[in-house]
Amino acid sequence: MEWPASGAHADEAERYRTLLEINNAVISNLTQDALFRAIFLALRRVVPFDRSAIFLHDAQQDVLRLLALEASLPSTYFVVGLEMPTANTHAGWVFREQRPLLRRDLGRERQWPMEERAYADGVRSYVMVPLIARARSVGTLAVASTAPEHYSKPDTDFLQEAANQVALAVENMKAYEEIAALKARLEHENLYLQEEIGREHNF
């Protein structure tokens, strides 16, 4: 007879189930929006949040751009498309250092201007982790709460594991975009060659 899991064992089992669910979403070829919705939904069960965001790095402009957002917290500035420089921001620090950032109480721990803005929005604690693919940072993943002391070191460790799956999804998306761009270019070149052949034949 199996006894139900309890306490830490139940929490650990839920974390593994969540990671498996995220992994299944990554490999199931969902659209980008559906994929990130599935990731946010899975994360919320283990690390509840009032706001969660995925930033991706734009190498040409050297900014982190808010790609996906799930939030019940209203904001005048924290919207999809928001760009953060990699210097003098919390997201930039996490991205550059490839290290997680845990803020247990923003009432006492604010350091960057963006943290001041988050605090003004009502954020009181958050965890942000880097998205790392092939030892290279590609962005950040964050969860935030309106309650102080909401997150812990185990939450940070779990979020980093989840971020590894999200980084895989990001790499897959980039590869798909590159393949689609290459396909479009080849189709354009093929059309051009057909026109050239047609002109020579007519001549």
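The values are calculated or read from the model by the stated rules, or taken from the named source; none is laboratory data. In this text, all values refer to a predicted model and were calculated from it rather than measured experimentally. Cβ atoms come from the backbone with ideal geometry, glycine included; neighbour counts cover every protein chain shown. Keep in mind that these areas ignore ligands, DNA and RNA; they rest on the heavy atoms of the full protein, side chains included. Shrake-Rupley method; radii C 1.70, N 1.55, O 1.52, S 1.80 Å.
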Cβ contacts < 6 Å: first residue closer than 17 Å to PHE40 by Cβ, restricted to segment 133-155; second residue open to solvent by 10 Å² or more (accessible area, probe 1.4 Å) and part of a helix (DSSP H, G or I), any location; separation 6+ or different chain. Result?
THR140/PHE95
Those residues of segment 93-115 which are in a helix (DSSP H, G or I) and among the basic types (Lys, Arg) amount to ARG96, ARG108
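Got a sec? Which of ALA147, ALA133, ALA120, ALA142 is in contact with a helix residue (DSSP H, G or I) (Cβ under 9 Å, 6 or more places away or on another chain) and either closer than 25 Å to SER75 by Cα or buried (at least 22 other Cβ atoms within 10 Å of the Cβ) (or both)?
Answer to the check: ALA142.
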Please verify whether ALA118 is within 12 Å of the chain's Cα centre (by Cα), in a helix (DSSP H, G or I) and small (Gly, Ala, Ser), treating the condition exactly as stated.
no
Residue list for segment 19-71, filter: of a type outside the set (A, V, I, L, M, F, W, C) and in a loop (DSSP other than H, G, I, E, B)
SER28, ASN29, THR31, PRO48, ASP50, GLN60, GLN61, ASP62
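When you look at LEU64, is it closer than 16 Å to ALA142 by Cα, modelled with pLDDT of 95 or more and open to solvent by less than 70 Å² (accessible area, probe 1.4 Å), yes or no?
Numbers: closer than 16 Å to ALA142 by Cα: yes; modelled with pLDDT of 95 or more: yes; open to solvent by less than 70 Å² (accessible area, probe 1.4 Å): yes.
Spelling it out, LEU64 is indeed closer than 16 Å to ALA142 by Cα, modelled with pLDDT of 95 or more and open to solvent by less than 70 Å² (accessible area, probe 1.4 Å).
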